[in-house]
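Visitor: Handing you this structure, nothing more for now.
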Amino acid sequence: MGYVERNLAPGEHIIYRTKQHPIIFVWAVLLAVSSLAGFLTGRENLGEISAGLATLVALYTILMRRLSDFAVTNRRVIGKFFVRHTNFAEVALVELRTIKFTPRGVLSALFDYGDVVITDAQGKQHRYPVVPGEFYRQIQMRLQRIGRILK
């Protein structure tokens, strides 16, 4: 049982659930390619250093993705993510005032990922980093549904 399931209120259910976007592995892959290029061109020192860095970056990235958990429920947006330390972000959908999807880098449009920043009724910002664009779309669909219900 994950973080999201443990924190569901009675009657609350998960609409959409995801982890950080797989694009976070791009640096580990680039370092591995650099390592391979170093070994193939006879530059063993470059290959060894790049292989070591690729391993460290890959382990950190695997840990970061494994510890991330994002969900949209019928009542709120829940997030747990690991960057330098574990952060938890929860916002009730009725408390949500603004939502913004910020693309990250050049590859964002191609691979549909970015950061979601939510501002709640108290003005506090909650950041959900490197999530698939579908996470943002699911939040918007829930907000539209709540808007129709409240009218």
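Visitor: Can you put VAL72, VAL29 in order of Cβ neighbours within 10 angstrom, beginning with the fewest?
Guide: With the sparsest Cβ surroundings first, the list reads VAL29, VAL72.
Visitor: Arrange ILE139, ILE149 by Cβ neighbour counts within 10 Å, fewest through most, would you?
Guide: The order, fewest Cβ neighbours first, is ILE149, ILE139.
Visitor: So which residue, out of VAL26, VAL106, VAL130, gets the largest mean-square fluctuation from a GNM of the chain using Cα contacts under 10 Å as springs?
Guide: VAL106
Visitor: Kindly put LEU31, LEU143 in sequence by how many other C-beta atoms sit within 10 Å of each C-beta, fewest to most.
Guide: LEU143, LEU31
Visitor: For Cα pairs less than 8 Å apart in space and 6+ apart in sequence, what is the mean separation divided by the residue count of the chain, i.e. the relative contact order in percent?
Guide: Taking the mean separation of contacting Cα pairs over the length of the chain, I get 21 percent.
Visitor: Return P(r) of the stretch 24-63 (all Cα-Cα pairs; 5 Å bins starting at 0; whole %; ordered from short to long distances).
Guide: Reading upward from the zero bin: 6, 34, 28, 17, 10, 4, 0.
Visitor: Could you identify which residue out of ASN45, ASN74, ASN87 has the top mean-square fluctuation in a GNM of the chain using Cα springs shorter than 10 Å?
Guide: Of ASN45, ASN74, ASN87, the Gaussian network model singles out ASN45 as fluctuating most.
Visitor: Work out how much length LEU63 to VAL117 would gain on full extension: take 0.36 nm times their residue separation and subtract the Cα-Cα distance, in nm to one decimal.
Guide: Full extension from LEU63 to VAL117 adds 17.2 nm.
Visitor: Still on this model: Could you give the dipole magnitude of the chain about its Cα centre, charging the beta-carbon of Lys and Arg +1 and that of Asp and Glu -1, in debye to the nearest 20?
Guide: 620
Visitor: Shifting gears a bit: Taking the chain as a Gaussian network, where each spring joins two C-alpha atoms under 10 Å apart, which residue of THR102, THR119, THR41 fluctuates the most?
Guide: Between THR102, THR119, THR41, it is THR41 that shows the largest mean-square fluctuation.
Visitor: With P(r) over Cα pairs in 5 Å bins from 0, in percent as the read-out, I listed [x] 2, 10, 19, 22, 21, 15, 9, 3, 0; [y] 2, 7, 11, 12, 11, 11, 10, 9, 9, 8, 6, 3, 1, 0; [z] 2, 9, 16, 17, 17, 12, 9, 6, 5, 3, 2, 1, 0, 0; which label goes with the value calculated from this structure?
Guide: [z]
Coordinate-derived values only; no laboratory data. Quick caveat, the model's predicted, so the values are computed rather than measured. In this analysis, Cβ positions are derived from the backbone assuming ideal geometry, glycine residues included, and neighbour counts consider all displayed protein chains.
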